[in-house]
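Down below is the structure, laid out as structure tokens.
Taken together, the values in this text are just the output of simple stated rules run on the coordinates, not laboratory data. The model shown is predicted, which means the values in this text are computed figures rather than measured ones. Positions of Cβ are generated from backbone atoms using ideal geometry, with glycine treated the same way; all protein chains shown enter the neighbour counts.
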Amino acid sequence: MRSQQADKTSAEFRKAFLEKIPRNSLNTAAEDALMLRILIESRNARRGIEVGVAAGYGSINMGIGFERTGGRLYSIEIDPRRAEESRQNIAKVGLEKTVTVITGDALKVLPTLEGEYDFIFLDALKRDYFKYLKAIEPKLKPGAVVVADNVIVSARAMADFLSYVQTGPNYETVIIRASMEKNDGMSVSYKLR
């Protein structure tokens, strides 16, 4: 008989669990979450940060990618209730050793994180994307991937961020639509130096 831990980590169990998570407009779209996982695995990312967690749908998908690369994801959520809900969901699929949810304001938490990072996902207060990036940028390795959600619908709110990653010398950036669920898109930026 399989152990409870083996059941929690099986691909079938995790897929079924993700299909049952109550979803709202704060959740990452399913195809977008899979794109994040693919980016993590193809980059062989080892240390990642997520800003904005909601119920943990994206965190679980990214966590599967980091579990496969032997890496770790630090997810920051300002709302204590959502942070706790995401912790519980992450534990239910056996990813609590791979994904750590930190409750707090990302603008205060990001400068306190130690070490270097090679993957970032921004999906919180849109007008603060540039501030989030600048807070963590000194800790980003060359070759790091920076993904920002909702860059089509909320382009005006994050104009400073988009200008920085699209026209500055430090990043190569493309806007993609992995999903039409929200009629929106993500920017994917590669840190050159």
*Using θ = phi - 60° and the Karplus curve 6.51 cos²θ - 1.76 cosθ + 1.60, what whole-Hz ³J(HN,Hα) does each residue of region 120-129 get, with Gly and Pro shown as x?*
9, 10, 9, 7, 10, 4, 4, 5, 9, 3
_List the lysines whose Cα sits under 16 Å from the Cα of Lys92, skipping any in the same chain fewer than 8 residues away._
Lys8, Lys15, Lys20
*Would you mind ranking Glu67, Glu114 so that the residue whose beta carbon has the fewest other beta carbons within 10 Å leads the list?*
Glu114, Glu67
*Which part of region 95-115 falls in the paramagnetic zone of Lys134, meaning amide N under 20 Å from the point 7 Å along Cα-to-beta-carbon?*
105-113
*All other residues with a Cβ under 13 Å from the Cβ of Ala135 taken together, and with Lys, Arg as +1 and Asp, Glu as -1, what is their net charge?*
+1
*Mind listing the phi-derived Karplus ³J(HN,Hα) values for region 92-104, rounded to whole Hz, using 6.51, -1.76 and 1.60 with θ = phi - 60°, and x for any glycine or proline?*
5, 10, x, 10, 5, 8, 9, 10, 10, 9, 10, 8, x
*asked:* Quick check on packing: order 159-166, 105-112, 46-53 by the mean number of other C-beta atoms within 10 Å, highest mean leading.
replied: 46-53, 159-166, 105-112
*Could you please report the charge total around Arg46, scoring K, R as +1 and D, E as -1 over all other residues with beta-carbon less than 10 angstrom from its beta-carbon?*
+2
*Which length gain, in nm to one decimal place, applies between Lys182 and Gln166 when the Cα-Cα distance is subtracted from 0.36 nm times their residue separation?*
3.5 nm
_From the phi angles alone, apply the Karplus equation (6.51, -1.76, 1.60; θ = phi - 60°) to region 157-168 and give each ³J(HN,Hα) in whole Hz, x where the residue is Gly or Pro._
5, 10, 4, 5, 4, 4, 4, 4, 7, 8, 10, x
*Taking 0.36 nm per intervening residue step and subtracting the Cα-Cα distance, what contour gain separates Asp79 from Asp7 on full extension?*
22.9 nm
*Normalised convex hull volume, region 4-144, alpha-carbon set, Å³ per residue*: 101
*Straight distance only, please: which aspartates and glutamates reach the Cα of Lys139 with their own Cα at less than 12 Å, same-chain residues fewer than 8 apart left out?*
Glu114, Glu116, Asp118
*Using alpha-carbon positions, what is the distance between the centroids of region 13-90 and region 91-118, in Å?*
11
*Gain in span if fully extended, Asp105 to Val174, counting 0.36 nm per residue against the direct Cα distance*: 22.1 nm
*Phe119's amide H: which non-local residues (gap 5+, or another chain) put their own amide H closer than 5 Å, with H modeled 1.01 Å from N in plane and none for Pro or chain starts?*
Arg47, Ile49, Val145
*Sequence-distant or interchain residues sharing an amide H contact under 5 Å with Ser75, placed H: which?*
Glu50, Thr100, Val101, Ile102
*asked:* Please enumerate, by chain and number, the aspartates and glutamates with C-alpha under 15 Å from the C-alpha of Lys126, excluding those fewer than 8 residues away in the same chain.
replied: Glu50, Glu77, Asp105, Asp149, Asp160, Asp184
*Out of residues 5 or more away from Val153 or on other chains, whose amide H comes under 5 Å of its own, with H placed 1.01 Å from N in the peptide plane?*
Gly185
_What does the net charge come to around Lys97 if you take all other residues with beta carbon closer than 13 Å to its beta carbon, with K and R at +1 and D and E at -1?_
+1
*How large is the charge dipole for region 4-144, taken about the Cα centre, if only the Cβ atoms of Lys, Arg (+1) and Asp, Glu (-1) carry charge, to the nearest 20 debye?*
100
